[in-house]
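So the structure is just underneath, and the comments pick up after that.
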Amino acid sequence: MNQPLSRLTAAALSTAAVLFVALPASAQTAPATVEKVADFPHQVTGVTVSEDGRIFVNFPRWTEDAPVSVAEVGKDGSIRPYPNGDWNAWRNARKDELSAGDHFVCVQSVVADGRGSVWARDAGAPAQSLLVPGAPKLVRIELATNAATKTLRFDESVAPQGSYLNDVRFSPDGRHAFITDSGARGALVVVDLDSGKAVRVLDGDPSTQVKKGLVVEADGQPLRRPDGRGVEFSADGIALSKNGRHLYWQAIKGDTLYRIETAVLVGALNGSVDVAAKVETVGRNGVADGLLIGRESGDMYVTAPQDDAVKIRDLSSGASGEPRILVKDERLRWPDTLAEEPDGTVYVTTSRIQDSAFFKPDAPAALPTQLWRIVR
């Protein structure tokens, strides 16, 4: 058995960076293209495909008081509020009229668990700003009935002000969920899905924080808001290994991929565990948003917003391996979230963050976005 990976030393990180830069262009090219599946009139982030082939997406309330938060995508590319209009009825302008705990407020991701349900991960922080009291939650929707049957709400011990609970993965046995917090102070959250108990771990740990000094670029230029602030997303992308043994994550304003044994995270639910001591450094991905591990291949797909690309990483090579470009296309403007269909087809959303009113004040509040499939 290989020895566990340890956090890279500064020298090792430097070597990894050199290897990535030096990777020949031929190794960065693969015969893959993208095919548009749907156009959306709102800014999309998450996408998921259920075991029966149904496609779901979500629209967070960032620069627009969007009229739909979670939707099912029809075969013609149309969107239908999911599971119904009532769950999607909340608006910024009506926040004092509707319960934030029983409506979608700012859904950041949707994930099918492969066990008959789709879960909506509500960050509860419109415009990535203040949390709406009672809004941070995880909602299970049963595919057979199209009904929300369970809502797990998170208090300030799990989702404090300044947090932005982002993406989620589920253990193969369906007992636990693992969530990244990409807010002001990055962290991971571990949830017991039966009891609803949740704990916040790696709060402030270097593995979940933004990397100081790193500048995220778009179109070859530093991406900054009008007031000079750059991209400041902490732990964001998340993926679970094929066997469910390891959880992987990284910050968007970061370039390093980390992992930990899920048994350690589950242990944190039941008592005091030194979780930080168990974090392993895998290697460098470069700036990345979404992560996905293929069900069959076990390879990691990585969205690369700076490169208008989706990369692929052979996890069997450990820290020595480097991601290669699977597909690069100028239409992939901020490739965001990845999902896999039962037949292995991979989907990716383009959230166009660099084109949004956060960074371009003259941009429309309702930003048109897209869903793509990768054709190999």
What number of residues within region 237-261 satisfy the criterion of being of a type in the set (F, W, Y) and closer than 15 Å to D289 by Cβ?
2
Output the strands (runs of 3 or more DSSP E) that fall wholly within region 289-376 and possess 2 or more residues being of a type outside the set (D, E) and under 21 Å from R169 (Cβ atoms), or say none.
291-293, 300-304, 309-313, 335-340, 346-350, 369-375
Could you list all residues from region 115-139 that are of a type in the set (G, A, S) and at positive phi?
G116, G124, A127, G134
Restricting attention to region 290-312, which residues are touching a residue at least 60 places away in the same chain (Cβ under 8 Å) and crowded, with 23+ Cβ neighbours inside 10 Å?
G290, M300, V302, T303, P305, V310
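Take the conditions surrounded by fewer than 19 Cβ atoms within 10 Å (Cβ to Cβ) and modelled with pLDDT of 95 or more and apply them to D113. Does it pass?
The answer is no for D113.
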Take residues that are of a type outside the set (V, I, T) and either over 22 Å from R313 (Cβ atoms) or at pLDDT 50 or above (or both) and tell me which of the strands (runs of 3 or more DSSP E) falling wholly in region 1-77 contain 2 or more.
33-40, 55-58, 70-73
Would you point out the residue of region 189-235, among those that are outside any loop (DSSP other than H, G, I, E, B) and closer than 16 Å to T281 by Cα, that is farthest from the chain's Cα centre (by Cα)?
P206
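The values are calculated or read from the model by the stated rules, or taken from the named source; none is laboratory data. All values derive from a computational prediction rather than experimental measurement. Here the Cβ is made from the backbone with ideal geometry for all residues, glycine too, and neighbour counts use every protein chain on show.
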